[in-house]
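The structure appears below as structure tokens.
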Amino acid sequence: MENDVSTIVLKDEDGNEVEFEVITKFDIEENEYVIVASMEESETEAIALKILKDDDGNDILVTVEDEDEFELIAEAYGAIFSEDQLN
């Protein structure tokens, strides 16, 4: 996924398109992740998505369901924004 992407459109569970703001993108070890938040719902929390490649080499976004992997993402996200606040 390109680093300069500021919004993406995803489909919800009902097939409706929802626009998301890309908060940040980062790597942990050999994996890429993106943190997004819905631009349509002000109460929505940030969502962590893992960036994978399909058979054709296109980016696909999947939810992180492994609890240990999610904890790593949460720690990295917290560290990124702690560092940003110090600058």
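The values are calculated or read from the model by the stated rules, or taken from the named source; none is laboratory data. Just so it is clear, the model here is predicted, and its values are computed rather than measured. Cβ: placed from backbone, ideal geometry, glycine included. Neighbour counts: every protein chain shown.
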Legend entry - The lone exception for S42 - which of (1) exposed (fewer than 13 other Cβ atoms within 10 Å of the Cβ); (2) at pLDDT 95 or above it fails: (2)
Inset, instruction - Can you tell me which residue among I23, I47, I60, I8 is hydrophobic (A, V, I, L, M, F, W, C), modelled with pLDDT under 95 and in contact with a Leu (Cβ under 7 Å, 6 or more places away or on another chain)? - result: I60
Legend entry - Single unsatisfied condition, T24 versus (1) within 14 Å of the chain's Cα centre (by Cα); (2) surrounded by fewer than 13 Cβ atoms within 10 Å (Cβ to Cβ); (3) among the polar types (S, T, N, Q): (2)
Legend entry - strands (runs of 3 or more DSSP E) enclosed by the stretch 1-40 - at least 1 residues per element that are under 17 Å from N58 (Cα atoms), free of Cβ contacts under 8 Å to residues at least 40 places away in the same chain and of a type in the set (S, T, N, Q): 31-38
Inset, instruction - Answer with yes or no whether I47 is touching a residue at least 40 places away in the same chain (Cβ under 8 Å), among the hydrophobic types (A, V, I, L, M, F, W, C) and surrounded by 11 or more Cβ atoms within 10 Å (Cβ to Cβ). - result: no
Inset, instruction - Quickly run through the stretch 50-76 and pick out the residues that are part of a loop (DSSP other than H, G, I, E, B) and surrounded by 14 or more Cβ atoms within 10 Å (Cβ to Cβ). - result: V64
